[in-house]
Amino acid sequence: MREVAVIGIGQTKVDEHWDKSLKELAGEAIIDAMRDAGRDYADAVYVGNMMSGSANHQQHLGAFLADWVGLRYTEAMKIEAACGSAASAFRQGLMAVSSGEMDCVIVSAVEKMTDSPLHEITSELATAADADYEAGMGVSFVALNAFIMNRYMHEYGWKKEDFAPFSINAHANGAKNPKARFQSSISAEAYARAGMICPPINLLDASPVGDGAAAAVLVPADSVQLSRRPVVRVIGSAAATDTIGIHHRRKPLWLSAAEQSSKKAYKQAGLIPTDIDFFESHDAFSIMAALSLEACGFAEPGQGPRLANEGAIFPGGKIPVATRGGLKARGHPVGATGLYQITEVVQQLWGEAEGNQLEGVRIGMAQNIGGSGSNIVTHIFSTR
């Protein structure tokens, strides 16, 4: 298997893009990535997306976008894994290049959510849950995470305010990212005053949805010559699944798929958790940020909030997270989120995370979660 490098990236701002269509958003990110890579062709285009069929009445995104960006006749397809769609698409592109089947792949991910009314989007998001026993009973994703957070607080004795640092860190970092949906910092007082959505989850625990697209160009690492940047290699990639319904899990407070995928990725990379310089976690809700840190080996079970309250997740800490705002502040365009995470890791390793650049980082990890932990994809990147 060949080593694979990321040589170009593109992102749109996460926002309510009323003046742009789905294909215009995706095309902007793809063309920016191709220009960044200095390429005008690709052997394949893989597209991550969750809800284009319902929200935009457009399926068949592979051919749709390949044609739009001038890559007609190229192999192209859409990959769907709920909120984990983008990292799943990246993994498909990675395997295509690593296997030797292809020499240049474009991975794109896009979500255009403002084309549909909010109640329809809420219903669409619920399709990532168990249709019979969760969504069919009227349980939204906010409610599912509220169930988990309530139980977590009961089991481990944490208070609501103990989760504030996750949001404070994300917003402080998002304030310096021009592509972030929210570009202002918050205080512990603001967190405490935030309106309740579904107890104990308030507005500042939950990530905002939005429109956005990101893209990356993948090639064999040994083909990169005279690069103006450090060569960012993918040194670990793994995916794992769990039950869709949280009620079917033996340990509902443990992200087993995150544990399994991260362990596989660590083994491929020859690393342990303490080797990771920073972590782009899937902080769709504060409780998910805590659970991810624990499942990936950065904190003991039930101790994710302690890591946050000790400052370890902030820039300069032991394991910085949400370094460009995370889902909480950068925004969560669901089927595109995983590629934002990956391109943000690449920005850090290139030394191009303007306003948020971490010092001396060489190894970064991104983890994208589909559903409430039912499909999780982990990637590790390095410039070593």
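The values are calculated or read from the model by the stated rules, or taken from the named source; none is laboratory data. Keep in mind the model is a prediction, meaning the values are calculated, not measured. Using ideal geometry, Cβ is built from the backbone for each residue, glycine included, and neighbour counts are taken over all protein chains shown.
Does any residue of the range 97-104 turn out to be closer than 16 Å to residue 379 by Cα, touching a residue at least 12 places away in the same chain (Cβ under 8 Å) and not aromatic (Phe, Trp, Tyr)? It would help to see each step written out before you state the result.
Step one: of the range 97-104, the residues closer than 16 Å to residue 379 by Cα are 97-98.
Among the residues that remain, those that are also touching a residue at least 12 places away in the same chain (Cβ under 8 Å) are: 97-98.
Those left that are additionally not aromatic (Phe, Trp, Tyr): 97-98.
Checking the range 97-104: at least one residue is closer than 16 Å to residue 379 by Cα, touching a residue at least 12 places away in the same chain (Cβ under 8 Å) and not aromatic (Phe, Trp, Tyr).
Where in the range 179-272 are there strands (runs of 3 or more DSSP E), lying fully within it, with 2 or more residues that are touching a Ser or Thr at 6+ places or on another chain (Cβ under 9 Å) and under 21 Å from residue 97 (Cα atoms)? So that I can check it myself, show each step before the final result.
Values: elements: 196-198, 212-220, 232-241.
In the range 179-272, the matching strands (runs of 3 or more DSSP E) lie at 212-220, 232-241.
In the list 342, 363, which residue meets the criterion of being modelled with pLDDT of 95 or more, buried (at least 24 other Cβ atoms within 10 Å of the Cβ) and hydrophobic (A, V, I, L, M, F, W, C)? Explain how you work it out, then say what you get.
Details: 363 fails: buried (at least 24 other Cβ atoms within 10 Å of the Cβ).
So the residue among 342, 363 that is modelled with pLDDT of 95 or more, buried (at least 24 other Cβ atoms within 10 Å of the Cβ) and hydrophobic (A, V, I, L, M, F, W, C) is 342.
Could you look through the range 87-124, keep only residues that are part of a helix (DSSP H, G or I) and small (Gly, Ala, Ser), and pick out the one that is nearest to residue 13 (Cα to Cα)? Steps first, answer last, please.
Here is the first cut: in the range 87-124, the ones part of a helix (DSSP H, G or I) are 87-98, 118-124.
Still in the list and also small (Gly, Ala, Ser): 87-89, 93, 96, 98, 123.
On the way: 87: 19, 88: 22, 89: 20, 93: 23, 96: 28, 98: 30, 123: 25 Å.
Here the residue is 87.
Hey, any hits in the range 225-232 for a residue that's on the phi < 0 side of the Ramachandran plot and either under 19 Å from the mean Cα position of the chain (by Cα) or surrounded by 18 or more Cβ atoms within 10 Å (Cβ to Cβ) (or both)?
First pass over the range 225-232, keeping only residues on the phi < 0 side of the Ramachandran plot: 225, 227-232.
Filter once more, keeping what is either under 19 Å from the mean Cα position of the chain (by Cα) or surrounded by 18 or more Cβ atoms within 10 Å (Cβ to Cβ) (or both): 231-232.
Scanning the range 225-232, I find at least one residue that is on the phi < 0 side of the Ramachandran plot and either under 19 Å from the mean Cα position of the chain (by Cα) or surrounded by 18 or more Cβ atoms within 10 Å (Cβ to Cβ) (or both), so the answer is yes.
Determine, yes or no, whether residue 137 is of a type outside the set (S, T, N, Q) and either buried (at least 18 other Cβ atoms within 10 Å of the Cβ) or in contact (Cβ under 8 Å) with a residue 12 or more places away in the chain (or both).
Values: of a type outside the set (S, T, N, Q): yes; either buried (at least 18 other Cβ atoms within 10 Å of the Cβ) or in contact (Cβ under 8 Å) with a residue 12 or more places away in the chain (or both): no.
Against the criterion (of a type outside the set (S, T, N, Q) and either buried (at least 18 other Cβ atoms within 10 Å of the Cβ) or in contact (Cβ under 8 Å) with a residue 12 or more places away in the chain (or both)), residue 137 does not qualify.
In the range 304-351, which residues are of a type in the set (Asp, Glu) and without any contact (Cβ under 8 Å) to a residue 40 or more places away in the chain? It would help to see each step written out before you state the result.
Quick first cut of the range 304-351, residues of a type in the set (Asp, Glu) only: 310, 344.
Correct list: 310 only.
With respect to the numbered conditions (1) among the β-branched types (Val, Ile, Thr); (2) modelled with pLDDT of 95 or more; (3) farther than 19 Å from residue 308 by Cα, which one is the sole condition not fulfilled by residue 142?
It is condition (2) that residue 142 fails.
So, residue 77, is that one surrounded by fewer than 18 Cβ atoms within 10 Å (Cβ to Cβ) and assigned to a helix (DSSP H, G or I) or not? Even if it seems obvious, please write down each step before you answer.
Values: surrounded by fewer than 18 Cβ atoms within 10 Å (Cβ to Cβ): yes; assigned to a helix (DSSP H, G or I): no.
The answer is no for residue 77.
Given (1) free of Cβ contacts under 8 Å to residues at least 40 places away in the same chain; (2) buried (at least 16 other Cβ atoms within 10 Å of the Cβ); (3) not acidic (Asp, Glu), identify the lone condition not met by residue 123.
Only one criterion in (1) free of Cβ contacts under 8 Å to residues at least 40 places away in the same chain; (2) buried (at least 16 other Cβ atoms within 10 Å of the Cβ); (3) not acidic (Asp, Glu) is unmet by residue 123, namely (2).
Looking only at the range 273-283, which residues are within 15 Å of residue 304 (Cα to Cα) and part of a loop (DSSP other than H, G, I, E, B)?
281, 282, 283
Could you list, in sequence order, all residues of the range 99-141 that are of a type in the set (Ser, Thr, Tyr) and within 22 Å of the chain's Cα centre (by Cα)? Give the steps one after another, and end with the answer.
Narrowing the range 99-141 to residues of a type in the set (Ser, Thr, Tyr): 99, 108, 114, 116, 122-123, 127, 133, 140.
Selection gives 108, 114, 122, 123, 127, 140.
So, in the range 253-292, how many residues would count as being out of contact with any strand residue (DSSP E or B) (no Cβ under 9 Å at 6 or more places or on another chain) and aliphatic (A, V, I, L, M)?
Of the residues in that region, 4 qualify.
This table checks each residue for (1) surrounded by fewer than 19 Cβ atoms within 10 Å (Cβ to Cβ); (2) of a type in the set (Phe, Trp, Tyr).
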site: 163; (1), (2): no, yes
site: 169; (1), (2): no, no
site: 174; (1), (2): no, no
site: 180; (1), (2): no, no
site: 187; (1), (2): yes, no
site: 191; (1), (2): no, yes
site: 199; (1), (2): yes, no
site: 205; (1), (2): no, no
site: 212; (1), (2): no, no
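Scan the range 315-339 for residues that are assigned to a loop (DSSP other than H, G, I, E, B) and either under 18 Å from the mean Cα position of the chain (by Cα) or surrounded by 21 or more Cβ atoms within 10 Å (Cβ to Cβ) (or both) and report the count. Full working, then the answer.
Step one: of the range 315-339, the residues assigned to a loop (DSSP other than H, G, I, E, B) are 315-320, 322-325, 331-333.
Cutting the leftovers down to either under 18 Å from the mean Cα position of the chain (by Cα) or surrounded by 21 or more Cβ atoms within 10 Å (Cβ to Cβ) (or both) gives us 319-320, 322-325, 331-333.
Going through the range 315-339 one residue at a time, the tally reaches 9.
Conditions (1) within 22 Å of residue 42 (Cα to Cα); (2) polar (S, T, N, Q), marked per residue:
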residue: 150; (1), (2): no, yes
residue: 182; (1), (2): no, no
residue: 187; (1), (2): no, yes
residue: 199; (1), (2): no, no
residue: 211; (1), (2): no, no
residue: 216; (1), (2): yes, no
residue: 222; (1), (2): yes, no
residue: 227; (1), (2): yes, yes
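From (1) in contact (Cβ under 8 Å) with a residue 40 or more places away in the chain; (2) surrounded by fewer than 24 Cβ atoms within 10 Å (Cβ to Cβ); (3) polar (S, T, N, Q), pick out the condition that doesn't hold for residue 274.
(1)
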